[in-house]
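I have placed the structure first, in the form of structure tokens, so that the comments after it can refer back to it.
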Amino acid sequence: MKVRKAVLPVAGLGTRFLPATKASPKEMLPLVDKPVIQYVVEEAKLSGIEQIIMVTGRGKRAIEDHFDASYELEDLLKKKGNHKMLRELKTISNLVSFCFVRQSEALGLGHAILCAKEVVGNEPFAVMLGDVIVDSEVPALRQVLDVHHRFNAPVIAVEEVEPSEVSRYGIIKPEKVEDGVYRIHDLVEKPKQGEAPSNLAISGRYILPPETFSAIEQAAPGNLGEIQLTDALKTLVQNGPVYGCLVEGKLHDTGNKLGFLQATVELALKNPEFGEEFRDYLKGLRL
Ligand code: G1P
């Protein structure tokens, strides 16, 4: 069955990025020349997704406006004869169809995904975390979808991380099936260093069956009342094969200040308009 829908949880408060995110959504922070969330939406579109379901919350209206038509701006650009930017703005609002649902309480990633249950319905769907952007030849979600189609099972994108970093991620217990594909036997959310079953971290792209919703409903909340998606994935793993797909490309975690800066520099260096000039500028800095 074709995966047509992608759920993007964007209700998080962005506390790792305060004070920048006090009054603006973290997803709208500009990475070189467009907001972080636009990279993820473009990846979805390039991977064949037809509908994006954003799970938003209070203070996130700028995201809805960004992907909507902006008649005043379009009119102004038309009058000024700036047809290039006019085309670019129209492309943004025509990328895919959008649907917005609200998560009224911050009860964790699992709970956020559950808010999309009615809109997703009874079909497999993608989940894309807005903090993670992937600079790759083949769009990351496309890579995960390819494995999903070959194995006809749920698939989660994974990346190799340093042993010192495992406590920041969900970590899988893998069995290698072929180059870059692993059968997942268990998952642990944010294990301590030394207690992780591998160094393969869940990295923000999932293809999941509709049964995920009942698994989330059954998952026990943690100490802060949060429902983890990883706990629901454990149920899926117990009920049938689930695979990990090692994503080819450069992954950037833009949800923390250092990761965001690194992504900014690397993407700016690749920018066709000013990448060369920026490279010369960096070389000239006395570090
Ligand atoms: C979430 C997931 C975690 C995953 C990570 C990837 O954690 O719970 O399994 O490894 O995203 O970025 P968060 O970063 O929201 O704490």
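The values are calculated or read from the model by the stated rules, or taken from the named source; none is laboratory data. Model, not experiment: these values are computed from the prediction. We place every Cβ from the backbone using ideal geometry, glycine too, and count neighbours over all the protein chains shown.
Values as computed for the structure displayed
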{"item": "Test: residue in the stretch 185-198 that is among the β-branched types (Val, Ile, Thr), surrounded by 20 or more Cβ atoms within 10 Å (Cβ to Cβ) and within 13 Å of the ligand (Cβ to nearest atom)", "result": "no"}
{"item": "Among (1) surrounded by fewer than 17 Cβ atoms within 10 Å (Cβ to Cβ); (2) under 30 Å from Lys34 (Cα atoms); (3) within 13 Å of the ligand (Cβ to nearest atom), the one test that Ser203 misses", "result": "(1)"}
{"item": "Residue pairs meeting the criteria (Cβ under 6 Å; at least 6 apart or on separate chains; first over 11 Å from Gly108 (Cβ atoms) and at pLDDT 95 or above, in the stretch 217-242; second away from the ligand (no atom under 14 Å from the Cβ) and in a loop (DSSP other than H, G, I, E, B))", "result": "Leu236/Pro154; Pro241/Ala153; Val242/Pro154"}
{"item": "Residue match in the stretch 264-286 (condition: within 15 Å of the ligand (Cβ to nearest atom) and of a type in the set (A, V, I, L, M))", "result": "no"}
{"item": "Helices (runs of 4 or more DSSP H) enclosed by the stretch 45-138 - at least 2 residues per element that are under 20 Å from Lys34 (Cα atoms) and among the acidic types (Asp, Glu)", "result": "61-66, 71-80"}
{"item": "Matching residues, the stretch 6-42, being in contact with a strand residue (DSSP E or B) (Cβ under 9 Å, 6 or more places away or on another chain), of a type in the set (D, E, K, R) and surrounded by 22 or more Cβ atoms within 10 Å (Cβ to Cβ)", "result": "Glu27"}
{"item": "Residue match in the stretch 114-123 (condition: under 27 Å from Ile207 (Cβ atoms), in contact with a Lys or Arg (Cβ under 8 Å, 6 or more places away or on another chain) and loosely packed, with under 13 Cβ neighbours inside 10 Å)", "result": "yes"}
